[in-house]
Amino acid sequence: MADPLDRPIWAALTTRQAALAQGDANARRYRPEISPFTATRDDGQASLAALATLAEPGRTMLFLQADPIVLPSLLIERQTAKAVQMVAGEPFAVFEDPRIERLGLKDAEAMLALADLTKPGPFTLKAQSFGAFWGIRQEGRLVAMAGERLKLPGLTELSGLATHPDRQGGGLGKLLLTYVAGQISARGETVFLHAYGWNEKAILLYERLGFRLRSAMNVAFVEVRTP
């Protein structure tokens with residue numbers, strides 16, 4: 001039996017985040033206003049046919065999985081990348097820090113602006129639909145954040161880690177990463193995350209903090225093929 005983390009988007013959309021899904025038993029995506037993440041159950045013809053029905057001209061789909069990405073003829077890869085999936089070897093400790101605050105819907109625009117500056121991955125005004133986010137403000141401005149994204153049984157992905165360019169190098173990212181990981185661990189869940197393969201600096205940091213490499217991952221931004 002395949003490990004659910006090999007296709008984490010599919011596993012999330014068919015379990016803990018099924019309420020956020022569009023699609024059927026063979027292909028699903030998050031509602032477009034939440035995320036472009038899309039996945040199929042497998043690479044069979046039924047799954048590829050179901051995937052084609054989810055495609056909308058002008059709207060991007062994003063795939064993240066360990067297996068090579070297989071698409072129906074209607075769709076084409078516009079951009080691909082290699083990534084790594086890392087899993088925490090041990091639970092993280094829970095701690096408090098007065099600088100860290102829980103973010104809410106009123107913070108959505110500030111969160112999106114920070115994500116646009118730092119490019120932590122696909123991010124929308126509805127990113128909080130995935131789960132909780134926390135941030136740090138300085139001089140009234142949101143300068144760092146991190147939160148939860150994909151949720152599988154017993155597992156939660158740490159994502160959205162971003163620090164304003166003016167504040168990078170000050171340890172805020174590490175602080176928020178360990179804080180959010182502690183919140184996830186406190187629920188008895190295992191923390192996992194993803195990083196682009198070229199981001200060696202981030203991967204080394206995650207390893208120092210106790211994450212281990214689980215799998216290489218394939219990433220593809222996909223659109224409807226134009227004539």
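The values are calculated or read from the model by the stated rules, or taken from the named source; none is laboratory data. Note that the structure is predicted; figures quoted are calculated from it, not measured. Backbone-built Cβ (ideal geometry, glycine too); neighbour counts: all protein chains shown. Keep in mind that these areas ignore ligands, DNA and RNA; they rest on the heavy atoms of the full protein, side chains included. Shrake-Rupley method; radii C 1.70, N 1.55, O 1.52, S 1.80 Å.
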Exercise. Choose one of 111, 191, 45: the residue whose Cα lies farthest towards the positive end of the charge dipole of the chain (beta-carbon charges +1 Lys, Arg; -1 Asp, Glu; about the Cα centre).
Key: 111
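Taking the Cα centre of the chain as the origin, how large is its charge dipole in debye, to the nearest 20, when only Lys and Arg (+1) and Asp and Glu (-1) carry charge on their Cβ atoms? Walk me through the numbers on the way to the answer.
Working: 26 positive and 24 negative charges, 34 e Å.
The calculation lands at about 160 debye.
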Self-check item: Under the span-like rule (Cα at least 20 Å along the axis, Kyte-Doolittle mean at least -1.0), DSSP H helices of the chain
Solution: 172-186
Exercise. With springs only between Cα atoms under 10 Å apart, run a GNM on the chain and tell me which of 180, 191, 143 wobbles the most.
Key: 143
Quiz prompt | Label-point gap, in nm, between residue 2 and residue 109 - each point 7 angstrom along Cα→Cβ | solution = 4.2
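Check each of the GluC sites (Glu not before Pro) in segment 103-164 and keep only those in coil by DSSP with at most 14 other C-beta atoms within 10 angstrom; list them in order.
139
Could you calculate the contour length gain from residue 45 to residue 25, that is, 0.36 nm times the residue separation minus the distance between their Cα atoms, to one decimal place in nm?
Working: separation 20, 0.36 × 20 = 7.20 nm, distance 1.29 nm.
Contour length minus Cα-Cα distance gives 5.9 nm.
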Self-check item: Spatially proximal lysines relative to residue 201 (Cα-Cα < 28 Å; intrachain offsets below 8 disregarded)
Solution: 82, 119, 151, 174
Practice problem: Find how much the distance from residue 209 to residue 187 grows on full extension, using 0.36 nm per residue of separation minus their present alpha carbon separation; answer in nm with one decimal. | Solution: 6.0 nm
Quiz item: With the contact rule set at Cα under 8 Å and sequence spacing of 6 or more, what percent relative contact order holds for the chain?
Solution: 29
Quiz item: Can you list the lysines whose alpha carbon is less than 16 Å from that of residue 106, not counting same-chain residues fewer than 8 positions off?
Solution: 126
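May I ask you to rank 129, 73, 215, 47 by accessible area, largest first, using a 1.4 Å probe over the protein chains only?
Values: 129 50, 73 100, 215 20, 47 0 Å².
Solvent-accessible surface, decreasing: 73, 129, 215, 47.
How would you classify segment 63-143 from its alpha-carbon gyration tensor, with a ≥ b ≥ c the square roots of the eigenvalues: rounded for a/c under 1.5, else prolate if a/b is greater than b/c, otherwise oblate?
Numbers: a/c = 2.78, a/b = 1.61, b/c = 1.72.
It is oblate, given that a/c is not under 1.5 and a/b is not larger than b/c.
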Self-check item: Accessible area per residue, Å², segment 1-151 with all protein chains present, probe 1.4 Å
Solution: 48
Quiz item: Are there trypsin sites (Lys or Arg not before Pro) in segment 142-227 that DSSP puts in a loop and that have at most 11 other Cβ atoms within 10 Å, and which ones?
Solution: 187
Quiz item: Excluding ligands and nucleic acids, what accessible area in Å² is computed for residue 6 using a 1.4 Å probe, to the nearest 10?
Solution: 40
Self-check item: Integer Hz, Karplus 6.51/-1.76/1.60 couplings in order for segment 31-36, x for Gly and Pro
Solution: 3, x, 6, 8, 6, x
Exercise. Give the ranking of 75, 209 by solvent-accessible surface, highest area first, calculated with a 1.4 Å probe.
Key: 209, 75
Quiz item: So what is the relative contact order of segment 6-109, in percent, for Cα pairs below 8 Å that sit 6 or more residues apart?
Solution: 21
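Determine the dipole magnitude for segment 42-97: charges of +1 sit on the beta-carbon of Lys and Arg, -1 on that of Asp and Glu, nothing else is charged, the reference point is the Cα centre, and the result goes in debye to the nearest 20. Don't skip to the end; give the middle numbers.
Values: 3 positive and 8 negative charges, 76 e Å.
The dipole of segment 42-97 has a size of about 360 debye.
What's the carbon and sulfur percent of segment 89-227's accessible surface, probe 1.4 angstrom, rounded to a whole number? Present the calculation step by step, with values, prior to reporting the outcome.
Values: 3650 of 6940 Å².
Reported share for carbon and sulfur atoms: 53 percent.
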Practice problem: Rank 66, 155, 125 by how far each Cα sits towards the positive end of the charge dipole of segment 54-176 (+1 on Lys, Arg Cβ; -1 on Asp, Glu Cβ) and give me just the farthest. | Solution: 125
